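The values are calculated or read from the model by the stated rules, or taken from the named source; none is laboratory data. If you're wondering where the values come from, they're calculated on a predicted model, not measured in any experiment. All Cβ positions, even for glycine, are placed from backbone atoms using ideal geometry, and neighbour counts span all protein chains on display.
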Amino acid sequence: MKIVVEIQRFNPETDKEPHLMRYEVEAEPASRLLTVLMKIKATQDPSLGIRRSCAHGVCGSDAMVVNGKERLACKTLIKEVAEKNGAVIRIEPLQNLPVQRDLMVDQTRFFANYLHVKPYFIPEAKSGNREFHQTPSERKEYEEGTKCILCVSCYSACPVIRDVNPDFLGPAAIVQAARFNDDSRDRGIGKRLARLDYPDGIWACESRFECTRACPRGIKITKTINLTKRKIKELRENQKMK
Amino acid sequence: MFEYDALIIGAGGAGLYAALEAGKKGKTAVLSKLYPVRSHTGAAQGGIGAALGNVEEDRPDWHAFDTVKGGDYLTDQNAAILLAEDAVRAVYDLENKGLPFSRTVAGLIDQRKFGGHTRNFGEAPVRRSCYAADRTGHMILQTLYQQCLKNGVAFYNEFIVIDVLIHENKCGGVIALDLATGELHLFRAKAVLFATGGLGRMFRITSNAYANTGDGQAVLSRKGVPLEDMEFFQFHPTGMHGLGILITEGVRGEGGILRNARGERFMERYAPTLLDLAPRDMIARAIHTEIRKLRGIRGDGSVNDYVHLDAAHLGESVIGEKLPDIAEFSRTYLGIDPAEEPIPVQPTAHYAMGGIPTDLDGRVLFNARGHAFAGLYAAGECACVSVHGANRLGTNSLVELIVYGRRAGRHMGQFVAEADFPALAPDATGPAKNRMQKLKSEGDGAGGEELRKKMQDTMTASVGIYRNGEDMTQAVDTLQELRERYKEVRAVDQSKRFNTHVLEILELGNLLDLALISATCALKRTESRGAHARRDYPERKDGRWLKHTLAWLEADKVVLGDKPVDISRWKPKARTY
């Protein structure tokens, strides 16, 4: 089918403002949007700035806004976003982060927020050199957070960051903290508490669910954030009672 | 100019592990052309092979033997024994760093069957693969990156290494392009480790990421470093039809079965004992043969034909718990639910057994006699120890990253603690600067897309699963011609900042060099062994060919040599399953 792909372009060396450019291209309905973008880059406009790698939704490189919604380009089939011949697909870079070039955004703040919550294993000291014990049901407790590929979609979709508080820690960082806080082998929740329990931290979340809708890995982000809020409240209560 | 004791090039499993080790002893930085969490280690699915014996009896001995036989006896046996022994410690180490393995009811790391892994030297399949659903690679990459953050490892993200500085057999650093600014930078070092991954993008249909373009192998090769066993490239039997996206061997480890158009479990004819858990090269050839004999699902014997991977009998629950990602790929891209219908699969270019030759400590060798450069290391898929010989067993790649990535990092650490910065050659940065200038200069040749397509078509048709002398001879000529034409390629986009077009042209140059080397080595080896299968030489010939191939790229010629194989433990035998 013939489709029109409208892409927001911005070259920091020549442009003062972003602008839209239109490309007409033939595409198979069952093919990936990423394949179409790479075809445009190869045959029509090599200057298109785009990040991509695995092309099947596990590396998180090609998150972008497609027809107004955050998607991974390699997990989006043309038929999902273009219904008939002549349909227009609008493509923009992720939101809430500065644009570096075209569809490439500066992820520094996203990764800084991620690092902020101490997103690594802090176990108790252990004797012996075998594995920590963990039952299948204990393993399920933190399954959600392990699926995260740090694709930045949730951060982009968050209306709090966009309209209310640009300093909000963001959904991914909280999910990554929860991955460890809920891991029966981890003992680091005390160290992570201060990194979550502040106004721009977990409490800025307003349960708007846009993150959950945007997540290409189907992580129940809002639920995880709210469970973490509850856990923090309980911990603080226990601390007061002592 | 930047100065570090140790530089790691590549931020996948091997690179990150090496960084953790080297960082204990010296000022270390990782240069990666991708953000580390985008590295292709993250796409690995099936598991890490290690003889923990959590689910049934197992021994490192058996694992080592399976690896040697799986490699069709081209595996260096000392390397395989070391891999299997250290695998156990390495898996516990990963778990102790937080890796979220799937668990047995008793709370131990769970293990499942995998192709070519047996108990008691080939008796029957054994549960050796330690796994995290079908996302084991993702978990390893995330865990190691988290540990690097915890330990304050320095990262230079989206820096592309375009040249390595070697002078009097000592490595003194690299030249890297900063994607953000378009500037070249000299990184001076006492030691450099390359962990840049594979080169599947030589082929048209591949499980590999766009980023897998053999950068480490190419950069070193152009500087006079030999490459080893480049003719051995694995085609994974079960890529998704038409797309090449990997469907893990773990599906068959859980009980999935390959069927032809007649519904037959055709592996009964090709590997009576191991069936669908035979080594990958054997299954890829079996599928190829079934299709050629018009027993593929389409029945037309064309390149578009395929077979079925039937996992419906496993049930929704097992698939949901143990194979959730591949179920999602199948639903997303083909509209097929594996719990209901079989998945259409065909072989896909997957893994490079060959690469930069190293010793057991990851030191890069410059000849067949085991002499190593000072301060130059390689680990992971871009290296060739050789742990995989002529064919790699599933789950052995992830083990290799953590065993040999760690060993290389350790040796590096010890080395830089005592070494001085080596002298650089006069005008060390000249060649890299000239190359970039040429790309940006006026010229007729545009970006090179046509060359890329022709290379991939040539490699797929002539240096694929089944090869013959005539086609390979033609392929070598074609690739030489493409390399000539590549010299005229110029960047259409001349901007400096975030110029991904220039990056793609550099990557294409790497692939062309490596494709020529691979095709030349494949043409030279007149036998069939492991993944290298020739219609004109269908037998394995140990008398003449039980040796590794070495290849030097000298300007526009490939010069070949060889290197002995360590067969000190098991006598090579016929490889049947």
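Condition first: surrounded by fewer than 19 Cβ atoms within 10 Å (Cβ to Cβ), of a type in the set (A, V, I, L, M), touching a residue at least 40 places away in the same chain (Cβ under 8 Å) and under 22 Å from B:THR67 (Cα atoms). Can you find one or more residues in segment B:548-561 that meet it? The answer is no, given that none of the residues of segment B:548-561 is surrounded by fewer than 19 Cβ atoms within 10 Å (Cβ to Cβ), of a type in the set (A, V, I, L, M), touching a residue at least 40 places away in the same chain (Cβ under 8 Å) and under 22 Å from B:THR67 (Cα atoms). Screening A:PHE121 against (1) in contact (Cβ under 8 Å) with a residue 60 or more places away in the chain; (2) outside any helix (DSSP H, G or I); (3) out of contact with any Gly (no Cβ under 9 Å at 6 or more places or on another chain) leaves a single unmet condition, (3). Residues in segment A:33-47 include none that are in contact (Cβ under 8 Å) with a residue 40 or more places away in the chain, more than 14 Å from chain B (Cβ to nearest Cβ) and surrounded by fewer than 20 Cβ atoms within 10 Å (Cβ to Cβ).
Note on segment A:113-140: among residues that are at the interface with chain B (Cβ under 9 Å from one of its Cβ atoms) and of a type in the set (Val, Ile, Thr), the one that is farthest from the chain's Cα centre (by Cα) is A:THR135.
Scanning segment B:107-134 for residues that are more than 8 Å from chain A (Cβ to nearest Cβ) and under 24 Å from A:PHE180 (Cβ atoms) yields B:ASP110, B:CYS130, B:TYR131, B:ALA133, B:ASP134. One residue stands out in segment B:20-60 among those that are of a type in the set (Gly, Ala, Ser) and in contact with a Pro (Cβ under 9 Å, 6 or more places away or on another chain): the one that is farthest from B:ASP361 (Cα to Cα), namely B:ALA51.
The lone criterion from (1) at pLDDT below 95; (2) crowded, with 18+ Cβ neighbours inside 10 Å left unmet by B:GLY530 is number (1).
Collect the residues in segment B:275-300 that are in a loop (DSSP other than H, G, I, E, B) and charged (D, E, K, R), keeping them in residue-number order.
Once the filter is applied, which keeps residues that are in a loop (DSSP other than H, G, I, E, B) and charged (D, E, K, R), segment B:275-300 yields B:LYS293, B:ARG295, B:ARG298, B:ASP300.
Pull out all pairs, ordered by first then second residue, where Cβ-Cβ is under 8 Å, the residues are six or more apart or on different chains, the first lies in segment A:169-192 and is on the phi > 0 side of the Ramachandran plot, and the second is modelled with pLDDT of 95 or more. Partner pairs satisfying both residue conditions: A:GLY170/A:PHE110; A:GLY170/A:ASN113; A:GLY170/A:CYS154; A:GLY170/A:TYR155; A:GLY170/A:CYS158; A:GLY170/A:ILE161.
Of the strands (runs of 3 or more DSSP E) contained entirely in segment A:39-95, not one carries at least 1 residues that are modelled with pLDDT under 95, closer than 25 Å to A:ILE149 by Cα and among the hydrophobic types (A, V, I, L, M, F, W, C). Do the conditions hold for A:GLY170, that is, is it in the same structural domain as A:GLU210 (by TED's automatic domain parsing), under 10 Å from the mean Cα position of the chain (by Cα), modelled with pLDDT of 95 or more and not charged (D, E, K, R)? It is true that A:GLY170 is in the same structural domain as A:GLU210 (by TED's automatic domain parsing), under 10 Å from the mean Cα position of the chain (by Cα), modelled with pLDDT of 95 or more and not charged (D, E, K, R). Give the residues of segment A:48-64 that are more than 7 Å from chain B (Cβ to nearest Cβ) and either closer than 20 Å to A:PHE111 by Cβ or not hydrophobic (A, V, I, L, M, F, W, C) (or both), sorted by residue number. Scanning segment A:48-64 gives A:ARG51, A:GLY57, A:ASP62, A:ALA63, A:MET64. Output yes when any residue across segment A:19-26 is surrounded by fewer than 18 Cβ atoms within 10 Å (Cβ to Cβ), hydrophobic (A, V, I, L, M, F, W, C), out of contact with any strand residue (DSSP E or B) (no Cβ under 7 Å at 6 or more places or on another chain) and away from chain B (no Cβ under 14 Å), and no when none is. Checked against the condition, which is being surrounded by fewer than 18 Cβ atoms within 10 Å (Cβ to Cβ), hydrophobic (A, V, I, L, M, F, W, C), out of contact with any strand residue (DSSP E or B) (no Cβ under 7 Å at 6 or more places or on another chain) and away from chain B (no Cβ under 14 Å), segment A:19-26 yields no hits at all.
Scanning segment B:214-251 for residues being buried (at least 24 other Cβ atoms within 10 Å of the Cβ), among the charged types (D, E, K, R) and modelled with pLDDT of 95 or more gives a total of 4. Taken as a whole, the condition of being aromatic (Phe, Trp, Tyr), in a strand (DSSP E or B), surrounded by 23 or more Cβ atoms within 10 Å (Cβ to Cβ) and out of contact with any Pro (no Cβ under 6 Å at 6 or more places or on another chain) does not apply to B:TYR17. State yes or no: is B:VAL387 modelled with pLDDT of 95 or more, touching a strand residue (DSSP E or B) at 6+ places or on another chain (Cβ under 7 Å) and hydrophobic (A, V, I, L, M, F, W, C)? Criteria not met by B:VAL387. Residue count for segment B:507-548 satisfying the condition of being out of contact with any helix residue (DSSP H, G or I) (no Cβ under 8 Å at 6 or more places or on another chain) and either assigned to a helix (DSSP H, G or I) or closer than 20 Å to B:LYS433 by Cα (or both): 6. Among residues of segment B:274-288 that are on the phi > 0 side of the Ramachandran plot, those with a Cβ under 9 angstrom from a residue that is crowded, with 24+ Cβ neighbours inside 10 Å and part of a helix (DSSP H, G or I), sequence gap 6+ or separate chain, pair up as B:LEU275/B:ARG252; B:LEU275/B:MET267.
From the set of residues in segment B:136-154 that are outside any helix (DSSP H, G or I) and in contact with a strand residue (DSSP E or B) (Cβ under 8 Å, 6 or more places away or on another chain), which is nearest to the other protein chains (Cβ to nearest Cβ)?
Looking at residues that are outside any helix (DSSP H, G or I) and in contact with a strand residue (DSSP E or B) (Cβ under 8 Å, 6 or more places away or on another chain), I get B:VAL153.
One residue stands out among those in segment B:176-212 that are within 14 Å of chain A (Cβ to nearest Cβ), within 18 Å of B:ARG435 (Cα to Cα) and not charged (D, E, K, R): the one that is surrounded by the most Cβ atoms within 10 Å (Cβ to Cβ), which is B:LEU179. Counting only residues that are crowded, with 19+ Cβ neighbours inside 10 Å and more than 9 Å from chain B (Cβ to nearest Cβ), which one in segment A:96-112 is nearest to the chain's Cα centre (by Cα)? Of everything passing the filter in segment A:96-112, A:PHE110 is nearest to the chain's Cα centre (by Cα).
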